[in-house]
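Accompanying notes for the structure given below.
The values are calculated or read from the model by the stated rules, or taken from the named source; none is laboratory data. All figures in this text were calculated on a predicted structure; none of them were measured in a lab. Heads up, the Cβs are rebuilt from the backbone with ideal geometry, glycines too, and the neighbour counts pull from every protein chain shown.
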Number of protein chains: 4
Amino acid sequence: MYTGLTIEPPFFEIGPKAFMYGERMLQLAKVADEVSVRYDVRIILTPQPSDIYLLAKETKRVLIFAQHMDPLPVGRGLGSILPEAIKAAGAVGVMLNHAEKPMTIANLYQAIKRADKVGLATIVCADSIKEAEAIAHFSPNIIVAEPTELIGTGQTSNEEYVIATTSAIKKINSRIQVLQAAGIKNEQDVYKVIKAGADATGTTSGIMKAENPEAMLDKMIRAVRMAWDETH
Amino acid sequence: MYTGLTIEPPFFEIGPKAFMYGERMLQLAKVADEVSVRYDVRIILTPQPSDIYLLAKETKRVLIFAQHMDPLPVGRGLGSILPEAIKAAGAVGVMLNHAEKPMTIANLYQAIKRADKVGLATIVCADSIKEAEAIAHFSPNIIVAEPTELIGTGQTSNEEYVIATTSAIKKINSRIQVLQAAGIKNEQDVYKVIKAGADATGTTSGIMKAENPEAMLDKMIRAVRMAWDETH
Amino acid sequence: MYTGLTIEPPFFEIGPKAFMYGERMLQLAKVADEVSVRYDVRIILTPQPSDIYLLAKETKRVLIFAQHMDPLPVGRGLGSILPEAIKAAGAVGVMLNHAEKPMTIANLYQAIKRADKVGLATIVCADSIKEAEAIAHFSPNIIVAEPTELIGTGQTSNEEYVIATTSAIKKINSRIQVLQAAGIKNEQDVYKVIKAGADATGTTSGIMKAENPEAMLDKMIRAVRMAWDETH
Amino acid sequence: MYTGLTIEPPFFEIGPKAFMYGERMLQLAKVADEVSVRYDVRIILTPQPSDIYLLAKETKRVLIFAQHMDPLPVGRGLGSILPEAIKAAGAVGVMLNHAEKPMTIANLYQAIKRADKVGLATIVCADSIKEAEAIAHFSPNIIVAEPTELIGTGQTSNEEYVIATTSAIKKINSRIQVLQAAGIKNEQDVYKVIKAGADATGTTSGIMKAENPEAMLDKMIRAVRMAWDETH
């Protein structure tokens with residue numbers, strides 16, 4: 001676990017995936033910067049690798065994380081994402097093992113160790129409680145609990161699930177932070193997840209597909225703050 | 001084939017792979033810029049994706065190509081390299097199918113079509129003459145002929161091989177340019193390959209592992225010009 | 001191209017994928033054996049690797065092809081499909097580069113060369129005419145033309161498409177046989193494709209999802225023979 | 001964890017990888033059968049998938065495990081290894097996540113759940129103690145502890161390491177059996193590992209590259225029995 005970056009809860013992750021990039025991404029990132037200060041909520045933004053440098057340079061408070069990196073050392077490896085390179089470009093962390101970019105167990109473990117050494121916080125995705133427990137042994141900074149096992153059951157990320165995942169992870173390593181990803185579509189969903197006890201949540205499509213992404217972002221971060229203040 | 005970028009021969013590709021990044025990469029890129037003008041030789045530089053923006057912004061004549069991209073459309077795809085994103089960051093082209101980042105046939109064909117549409121020149125690697133012929137049907141701008149089939153035979157990229165690969169490719173599509181990659185270690189190797197009839201060559205370790213990469217770069221580009229002028 | 005196996009047209013490929021296996025697969029294979037003799041149509045059957053031995057031993061005329069193999073040499077490679085091993089188990093050929101098991105260009109080329117050497121016929125899938133042309137340079141025995149580019153256009157594998165793909169492939173290597181895969185659902189589809197000029201066709205779901213796979217198989221092979229006799 | 005197969009310690013795994021297949025494999029399997037009875041040591045044999053049927057049919061006591069399988073359901077998936085198909089061919093278990101066939105976390109977890117349901121014992125490889133702990137949360141039947149972290153340190157699978165891995169795994173799930181893979185080259189190595197407290201060990205090259213594989217197998221299994229009897 002990289003100890004050089006402390007992210008106080010509550011926090012929120014915006015995942016642009018391959019939806020947004022370049023100037024449009026920068027515009028949203030600047031609003032994220034303002035919103036982060038306005039509501040005192042840390043925001044993690046995971047842009048395309050080619051946008052890391054510009055976003056890191058043009059924002060102040062938003063935390064720029066890479067979408068992925070490879071656990072290779074400096075040297076050969078054309079087409080790779082080198083840990084040192086994303087760090088040099090301004091990333092302060094990296095997302096790993098998202099369902100759209102799954103990693104082998106050996107590679108994930110190596111990547112977390114590389115991140116710890118290079119100085120990058122890690123946010124690692126887990127599709128189930130069992131996978132979250134497994135990943136907890138590698139001591140990432142944050143685990144994203146994606147309750148695919150509950151999809152369609154109607155109980156997605158309710159209080160019970162938030163407590164179950166959090167306690168399962170904390171039992172193995174109490175310093176790991178837990179982000180509850182839960183098909184967040186709007187500010188009401190955000191409010192509910194934080195009220196259910198989550199330290200953090202996030203979204204891709206909730207913002208990327210919103211008619212006005214900046215307005216939706218503001219509403220969501222405001223909901224984070226409101227729900228947090230009501231419960232803490 | 002993307003027709004928006006014309007690269008007059010002779011040209012040269014520098015492949016930093018995961019050897020060089022950030023400030024050190026920028027320093028070499030600036031020297032490449034000067035050297036490109038000094039000897040009137042176009043230089044393609046393929047940096048880590050997180051370096052594309054900075055290098056494109058801080059150089060004038062060097063052609064910044066991505067090391068890889070994925071043929072996905074704008075939308076989902078966390079951990080991908082989106083064509084539109086690298087273009088927006090300043091890349092003018094993309095390398096595809098390097099032996100360290102091999103692509104499936106379907107993905108390579110889609111990626112070249114995506115590059116054509118987005119406006120990126122393509123430089124595609126082939127490990128053998130047969131593979132070069134196959135790839136020629138997808139009409140990339142440049143094919144890199146990597147004669148792995150000749151490794152250890154002592155006849156690496158001699159005149160005969162240069163002629164054989166070039167004619168095999170041109171027979172299928174005469175507008176495709178051919179870059180002869182041939183284990184280039186120093187300026188003598190560069191000289192020999194261009195004298196053998198190549199329009200272009202390039203190197204990774206020849207520069208990346210040189211004691212003084214900038215000095216070696218200067219010598220190599222000077223060798224390109226000298227050999228070219230003697231044969232044309 | 002492996003020359004040890006000659007498959008006279010018309011022929012037909014049954015692709016059980018992961019739908020059918022074990023005793024149920026054997027039952028269908030035996031019917032395929034009878035049907036192949038009854039209508040004098042060669043049938044290629046591509047079972048799960050663990051079914052190759054049993055099917056090869058218990059059938060006489062059906063041609064057992066593996067669904068895939070890896071181009072590795074004898075030695076290390078846990079979890080691989082070794083060419084020599086499927087040959088020893090009784091396979092006479094191998095399918096390569098199906099859309100559900102795509103291969104890199106380098107691996108496909110190596111796999112075809114390995115098959116030629118070990119003594120396995122190759123049936124290689126192509127998603128478009130351009131890909132079929134590319135693959136033709138590697139001289140497989142059979143190319144499967146899967147007109148994904150025509151999906152939704154209503155002109156799937158009509159006479160025009162059959163002629164276009166066949167002539168594109170034959171222009172590069174006239175000895176390659178062409179199998180037209182075209183979303184075959186029933187015997188009428190089979191009849192149409194062979195009437196359109198194809199030497200061969202095949203199906204997965206047309207038989208695997210039929211209420212009575214054996215009855216459907218009989219109807220389809222009968223349609224192959226009827227259409228073939230009417231056009232040759 | 002599949003409970004339908006109990007393997008009493010001590011046991012031993014022979015991994016032919018892609019070294020041995022067909023008739024030669026059968027010959028070794030028959031000797032393994034005899035040796036297993038002679039010394040009362042269970043032997044797991046992981047052949048190529050195309051050899052499963054024949055070996056399962058022609059042996060009595062050897063446990064035939066597949067080298068790999070995919071976690072897909074019955075249906076589509078050309079080129080896959082279907083759990084139901086290897087079971088039907090006679091496999092009683094499956095190896096997963098070997099360093100030469102690494103799996104993503106999500107796939108490994110799904111594969112173990114599929115094996116449990118279909119009725120296949122699972123033997124899962126781990127490259128380090130941390131990875132072994134992670135995998136233990138998925139409750140496989142056996143974990144192979146491959147101490148790559150100790151390679152070159154001279155303390156490979158000594159008593160201390162055997163105790164450390166075993167206790168780390170058992171702490172998470174005491175029913176998981178631990179196989180110590182330790183670069184076993186000959187019967188002395190086997191003796192040492194079992195004496196160090198291991199319940200099981202195994203080898204690929206120790207037998208595959210032996211001048212006389214059958215003789216080496218006999219010596220190794222004899223060493224297992226001797227070391228076991230001296231310590232229990």
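As a summary of the residue check, B:Arg114 satisfies the conditions (1) buried (at least 19 other Cβ atoms within 10 Å of the Cβ); (2) more than 30 Å from B:Ala215 (Cα to Cα); (3) within 18 Å of the chain's Cα centre (by Cα) except for the one numbered (3). Here A:Glu146 fulfils each of the conditions (1) surrounded by fewer than 22 Cβ atoms within 10 Å (Cβ to Cβ); (2) more than 7 Å from every other protein chain (Cβ to nearest Cβ); (3) not hydroxyl-bearing (Ser, Thr, Tyr) apart from (1).
Here the stretch C:86-95 is the region considered, the condition is being surrounded by fewer than 24 Cβ atoms within 10 Å (Cβ to Cβ) and in a helix (DSSP H, G or I), and the residue that is nearest to the other protein chains (Cβ to nearest Cβ) is C:Ala88.
Could you please let me know if B:Asp33 is part of a helix (DSSP H, G or I), within 29 Å of B:Asp229 (Cβ to Cβ) and acidic (Asp, Glu)?
Numbers: part of a helix (DSSP H, G or I): yes; within 29 Å of B:Asp229 (Cβ to Cβ): yes; acidic (Asp, Glu): yes.
Spelling it out, B:Asp33 is indeed part of a helix (DSSP H, G or I), within 29 Å of B:Asp229 (Cβ to Cβ) and acidic (Asp, Glu).
Taking the conditions (1) buried (at least 21 other Cβ atoms within 10 Å of the Cβ); (2) in a loop (DSSP other than H, G, I, E, B) in turn, B:Asp40 satisfies each one other than (1). Please work out if D:Phe12 is crowded, with 24+ Cβ neighbours inside 10 Å, closer than 18 Å to D:Cys125 by Cβ and modelled with pLDDT of 95 or more. Yes, satisfied. Return the pair list, or none, for Cβ contacts closer than 8 Å from residues in the stretch D:105-133 that are modelled with pLDDT of 95 or more to residues that are among the hydroxyl-bearing types (Ser, Thr, Tyr) and assigned to a helix (DSSP H, G or I), at least 6 apart or on different chains. What qualifies is D:Lys130/A:Tyr109; D:Glu131/A:Tyr109; D:Ala132/D:Thr165.
Might you check whether a residue that is polar (S, T, N, Q), more than 14 Å from every other protein chain (Cβ to nearest Cβ) and surrounded by fewer than 16 Cβ atoms within 10 Å (Cβ to Cβ) occurs anywhere in the stretch D:17-28? No, there is no match, as no residue in the stretch D:17-28 is polar (S, T, N, Q), more than 14 Å from every other protein chain (Cβ to nearest Cβ) and surrounded by fewer than 16 Cβ atoms within 10 Å (Cβ to Cβ).
Scanning the stretch B:14-27 for residues that are among the hydrophobic types (A, V, I, L, M, F, W, C), free of Cβ contacts under 8 Å to residues at least 40 places away in the same chain and closer than 17 Å to B:Ala91 by Cβ returns B:Met25, B:Leu26. Here C:Tyr53 fulfils each of the conditions (1) closer than 28 Å to C:Pro10 by Cα; (2) in contact with a strand residue (DSSP E or B) (Cβ under 7 Å, 6 or more places away or on another chain) apart from (2). Being assigned to a strand (DSSP E or B) and either among the charged types (D, E, K, R) or under 14 Å from the mean Cα position of the chain (by Cα) (or both) is the requirement here; does D:Ile7 meet it? Spelling it out, it is not the case that D:Ile7 is assigned to a strand (DSSP E or B) and either among the charged types (D, E, K, R) or under 14 Å from the mean Cα position of the chain (by Cα) (or both).
With the condition kept exactly as written, say whether any residue in the stretch C:28-37 is touching a helix residue (DSSP H, G or I) at 6+ places or on another chain (Cβ under 6 Å), of a type in the set (D, E, K, R) and touching a residue at least 24 places away in the same chain (Cβ under 8 Å). There is no residue in the stretch C:28-37 that is touching a helix residue (DSSP H, G or I) at 6+ places or on another chain (Cβ under 6 Å), of a type in the set (D, E, K, R) and touching a residue at least 24 places away in the same chain (Cβ under 8 Å). The residues of the stretch A:60-81 that are part of a strand (DSSP E or B) and either out of contact with any Phe, Trp or Tyr (no Cβ under 9 Å at 6 or more places or on another chain) or more than 7 Å from every other protein chain (Cβ to nearest Cβ) (or both), listed by number, are A:Leu63, A:Ile64, A:Phe65, A:Ala66. Against the conditions (1) farther than 27 Å from D:Asp70 by Cα; (2) more than 13 Å from every other protein chain (Cβ to nearest Cβ), C:Met1 satisfies every one except (2).
Quick one: would you say B:Ala106 is in a helix (DSSP H, G or I) and more than 9 Å from chain A (Cβ to nearest Cβ)? Spell out how you get there, then give the answer.
Details: in a helix (DSSP H, G or I): yes; more than 9 Å from chain A (Cβ to nearest Cβ): yes.
The answer is yes for B:Ala106.
For B:Ala168, state whether it is in contact with a helix residue (DSSP H, G or I) (Cβ under 7 Å, 6 or more places away or on another chain) and either within 14 Å of chain A (Cβ to nearest Cβ) or buried (at least 24 other Cβ atoms within 10 Å of the Cβ) (or both). No, not satisfied. A:Thr46 meets each of the listed conditions (1) in contact (Cβ under 8 Å) with a residue 12 or more places away in the chain; (2) in contact with a His (Cβ under 6 Å, 6 or more places away or on another chain) apart from (2). Taken over the stretch B:176-191, the criterion of being of a type in the set (S, T, N, Q) and touching a helix residue (DSSP H, G or I) at 6+ places or on another chain (Cβ under 8 Å) is satisfied by B:Gln180, B:Asn186, B:Gln188.
Per-residue answers, yes or no, for (1) at negative phi; (2) more than 10 Å from chain C (Cβ to nearest Cβ); (3) more than 13 Å from the chain's Cα centre (by Cα):
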position: D:Ala32; (1), (2), (3): yes, yes, yes
position: D:Val35; (1), (2), (3): yes, yes, yes
position: D:Arg38; (1), (2), (3): yes, yes, yes
position: D:Ile52; (1), (2), (3): yes, no, yes
position: D:Pro83; (1), (2), (3): yes, no, yes
position: D:Asn97; (1), (2), (3): no, no, no
position: D:Glu100; (1), (2), (3): yes, no, yes
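The set of residues in the stretch D:112-134 being under 26 Å from A:Pro147 (Cβ atoms) and either within 12 Å of chain C (Cβ to nearest Cβ) or among the basic types (Lys, Arg) (or both) consists of D:Lys113, D:Arg114, D:Lys117, D:Val118, D:Lys130. Can you find a residue that is among the small types (Gly, Ala, Ser), in contact with a Ser or Thr (Cβ under 9 Å, 6 or more places away or on another chain) and closer than 17 Å to C:Pro140 by Cα anywhere in the stretch C:166-188? Yes, because at least one residue in the stretch C:166-188 is among the small types (Gly, Ala, Ser), in contact with a Ser or Thr (Cβ under 9 Å, 6 or more places away or on another chain) and closer than 17 Å to C:Pro140 by Cα. In the set (1) under 13 Å from the mean Cα position of the chain (by Cα); (2) of a type outside the set (Lys, Arg); (3) over 17 Å from C:Arg175 (Cα atoms), the condition left unmet by C:Ile123 is number (3). The residues of the stretch D:43-71 that are surrounded by fewer than 24 Cβ atoms within 10 Å (Cβ to Cβ) and polar (S, T, N, Q) amount to a single one, D:Thr59. Might you check whether a residue that is within 14 Å of chain C (Cβ to nearest Cβ) and modelled with pLDDT of 95 or more occurs anywhere in the stretch B:206-221? Within the stretch B:206-221 (the criterion being within 14 Å of chain C (Cβ to nearest Cβ) and modelled with pLDDT of 95 or more), the answer is no, since none of the residues qualifies.
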